[in-house]
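The structure under discussion appears below in the form of structure tokens.
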Amino acid sequence: MTFNELKISEPLLRAITEMGFEKPMPVQEAVIPLQLESSQDLVALAQTGTGKTAAYGLPLLQRLTPTAQPQAIVLSPTRELCLQIADDLEAFAKYLPEVRILPVYGGTDFMPQLRALQQGVDIIVATPGRLIDLMQRGAAVLKNVHTVILDEADEMLSMGFSESIDQILEGVPAEHTTLLFSATMSREIEKIAQNYLHDARQIVVGSRNEGAENVNHIYYMVHARDKYLALKRVVDYYPKIYAIIFCRTRLETQEIADNLIRDGYNADALHGDLSQQQRDLTMQRFRQHRIQLLVATDVAARGLDVDDLTHVINYGMPEDIENYTHRSGRTGRAGKKGTSICIVHSRERGRIRDVERTIKKDFVRGTLPSPKEICSKQLWKVIDDIERVEVDEEEIADFLPEVRRKLEWLDKDDLLRRVISREFSRFLRYYANAPEIEDVNPQDKTAKTKSKKTSNSGRRAVGDHSPEEGYTRIFITLGKVDGFYAREIIGLVNNRCPGPKIEMGRIDLRPTFSFFEVPEEEAERVLKGLKGFSFKGRRVGVDIAEEVGTAERSDEGWRKGNRSGSGKGSRSGSGKGSRSGSKKGSKKGSKSGSKKWE
Ligand code: ADP
Ligand code: MG
């Protein structure tokens, strides 16, 4: 199938050919003929990156007779998307000079948008809030609108634009065509479709992107506390990585980005707590490859269109399977191979299974690259870069004799050694003493024994009772004699705490009481939820477990000392005390039920 066969008109053909569109993508094949031939309403389910803008944009432009009165509105959730869509439409309309397209979005001055509207536009691409403002000021007159496009409708709903959409649609003449695009079909989307669409066709462009065929899915299973270390290994193993690292919360996103930056990576964060200006700048820098690793939330990354990611990294599995499809569909585009990597802990195994079933593809369980493998990979890159350096003879001619004279006493091999040490020492030093990462296999009981032997590497020893990083340890007066095992505890917590599911950390069961860990930011919610709970007529006590002494939780201390120290890897130089092995012996079997737990 070609665009020609889809009866795309000559001026549009010329423009998209210049943009490098050779053949239509599936959603375009499905939507373009429908929209050229009829004015039927349409619901199209398609993932990010499947070419939706051209799917609705080309037929819309083709059928448009410029009148300088708004005839079509495209609603989209964010300013970023709004600008991107307007840019795309503008590019398609390159050879339709009379067509005027205007993006309107909040967070900026009204006046330019007002003025542009007064001068006349044919297509308004808008975020809902600003469009309503402009309607109320009488600047955006929608009485000639014949087409409404709801782009990323699911995202608009999840951002709370439902009422705004209602309000806008009420201002549009009853006789109009509505096209709704969404990545997912939720009940709310169905409701909108029922309320506002008439006799709508529904098309689904395979839940998998075209690109997804080219995506390999790999997961590494580690302890929650090792996730960040594992992330670094993965990133270090691919010196030319260009990736989005997806996190679940804004907080985690910022934290991981901060850690990466601190550790010398070219990384930045993208999430909703940042100002629009900051987000724009970060996205721009990432698109220009000036940032190598973008740590982002699902929502914030939606507006970002990049085709050449080498990897997508899932720092933990997303809540929804759809989000996973979204994430992984961002790599393996434009005919390239892509890799989606999941760094998960053992409790997320079930989620991997769910995703495998949904996307009908198997994940490969990876073994984290060893320090040695990473070092050779990095070294290779250094050498490769040296080989590829373009030498401009003229530029260096003046300096060469002097340099030659200075380095005369070094032979080629010496020189090599120096180059390598200089370019490469960051990795060598780090990995010479890198904390070990225990491979987790929940079915494999030997893993624990193995780790005991090797736990002298500055990591927490097994049996150490400080909570995992980012987690709060909670004490509850229910234990095994009450029939409370891991499943019961997870069930109890989630039943008693309405709202998003709480991810459970380590669970430590004793006969008459237990400990369990929840993400720090959830601790309050859990305590509140469990307050006043009785079991078999007995009031159940719940509280945050007190830590005895200050646990040295992070391995930052020695690592920093190690790097900034003499370079000899002296571990005691950090001033934080020795970190050998278990900091305190674990006193098992305390039956006192006291909150003190060591
Ligand atoms: P979506 O809105 O579904 O996320 P877009 O419309 O933004 O996807 O398109 C994703 C990318 O694919 C854009 O860079 C766009 O220019 C490109 N693209 C769209 N259609 C084609 C095509 N037929 N051939 C090549 N590239 C295309
Ligand atoms: Mg889009």
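Worth a mention:
- Note on the stretch 127-136: among residues that are of a type outside the set (Gly, Ala, Ser) and part of a helix (DSSP H, G or I), the one that is farthest from ligand 2 (Cβ to nearest atom) is 136.
- Applying the criterion of being within 14 Å of the chain's Cα centre (by Cα) and charged (D, E, K, R) to the residues of the stretch 280-311, the residue that is nearest to ligand 1 (Cβ to nearest atom) is 305.
- Considering residues of the stretch 139-182 that are within 16 Å of ligand 1 (Cβ to nearest atom) and among the acidic types (Asp, Glu) only, the residue modelled with the highest pLDDT: 151
- Candidates in the stretch 312-345 are the residues that are farther than 12 Å from residue 247 by Cβ and touching a Phe, Trp or Tyr at 6+ places or on another chain (Cβ under 6 Å); of these, the one that is nearest to ligand 1 (Cβ to nearest atom) is 342.
- Residues (of a type in the set (A, V, I, L, M), touching a helix residue (DSSP H, G or I) at 6+ places or on another chain (Cβ under 7 Å) and in a loop (DSSP other than H, G, I, E, B)) located in the stretch 259-286: none
- When residues of the stretch 71-82 are limited to those that are within 15 Å of ligand 2 (Cβ to nearest atom) and of a type in the set (Val, Ile, Thr), the one nearest to residue 98 (Cα to Cα): 74
- Candidates 116, 174, 139 - the one that is in a helix (DSSP H, G or I) and of a type in the set (A, V, I, L, M): 116
- Residue within the stretch 150-160 that is away from ligand 2 (no atom under 16 Å from the Cβ) and either in contact (Cβ under 8 Å) with a residue 24 or more places away in the chain or of a type in the set (A, V, I, L, M) (or both) present: no
- Summed over the stretch 294-323, residues that are out of contact with any strand residue (DSSP E or B) (no Cβ under 7 Å at 6 or more places or on another chain) and either farther than 15 Å from residue 250 by Cα or surrounded by fewer than 16 Cβ atoms within 10 Å (Cβ to Cβ) (or both) total 11.
- Taking the listed residues 68, 54, 44, 91, the one that is out of contact with any strand residue (DSSP E or B) (no Cβ under 8 Å at 6 or more places or on another chain), over 22 Å from residue 144 (Cα atoms) and more than 10 Å from ligand 2 (Cβ to nearest atom) is 91, with no other qualifying.
- Wholly enclosed helices (runs of 4 or more DSSP H) of the stretch 385-460 bearing at least 2 residues closer than 26 Å to residue 239 by Cβ, at pLDDT 80 or above and in contact with a helix residue (DSSP H, G or I) (Cβ under 9 Å, 6 or more places away or on another chain): 412-432
- Positions within the stretch 294-309 being within 14 Å of ligand 2 (Cβ to nearest atom) and in a loop (DSSP other than H, G, I, E, B), in sequence order: 302, 303, 304, 305, 306, 307
- Screening residue 343 against (1) β-branched (Val, Ile, Thr); (2) modelled with pLDDT under 85; (3) not in a helix (DSSP H, G or I) leaves a single unmet condition, (2).
- Residue ID - farthest from residue 44 (Cα to Cα), chosen from residues in the stretch 142-171 that are part of a loop (DSSP other than H, G, I, E, B) and of a type in the set (A, V, I, L, M, F, W, C): 142
- Selection count where residues are under 29 Å from residue 324 (Cα atoms) and of a type in the set (Val, Ile, Thr), scope the stretch 351-395: 7
- With respect to the stated conditions, residue 235 fails to be surrounded by fewer than 22 Cβ atoms within 10 Å (Cβ to Cβ) and at pLDDT 90 or above.
- From the list 187, 137, the lone residue that is surrounded by fewer than 20 Cβ atoms within 10 Å (Cβ to Cβ), basic (Lys, Arg) and under 34 Å from the mean Cα position of the chain (by Cα) is 187.
- Scanning the stretch 238-255 for residues that are crowded, with 22+ Cβ neighbours inside 10 Å and in a helix (DSSP H, G or I) yields a single hit, 253.
- Note on the stretch 6-23: residues that are closer than 23 Å to residue 148 by Cβ and surrounded by 18 or more Cβ atoms within 10 Å (Cβ to Cβ) total 3.
- Residue, farthest from ligand 2 (Cβ to nearest atom), within the stretch 260-293, restricted to residues that are buried (at least 16 other Cβ atoms within 10 Å of the Cβ) and among the aliphatic types (A, V, I, L, M): 260
- Residue in the stretch 87-100 that is farthest from the chain's Cα centre (by Cα), counting only those that are in contact (Cβ under 8 Å) with a residue 24 or more places away in the chain, surrounded by fewer than 22 Cβ atoms within 10 Å (Cβ to Cβ) and within 16 Å of ligand 1 (Cβ to nearest atom): 94
- The stretch 30-71, residues that are away from ligand 1 (no atom under 16 Å from the Cβ) and not in a helix (DSSP H, G or I): 38, 39, 40, 41, 64, 65, 66, 67, 68, 69, 70, 71
- Look at (1) at negative phi; (2) in contact with a Ser or Thr (Cβ under 7 Å, 6 or more places away or on another chain); (3) of a type outside the set (A, V, I, L, M) and you find that residue 162 fails only one, number (2).
The values are calculated or read from the model by the stated rules, or taken from the named source; none is laboratory data. Everything numeric here is computed off the predicted structure, so don't read it as measured data. Cβ atoms come from the backbone with ideal geometry, glycine included; neighbour counts cover every protein chain shown.
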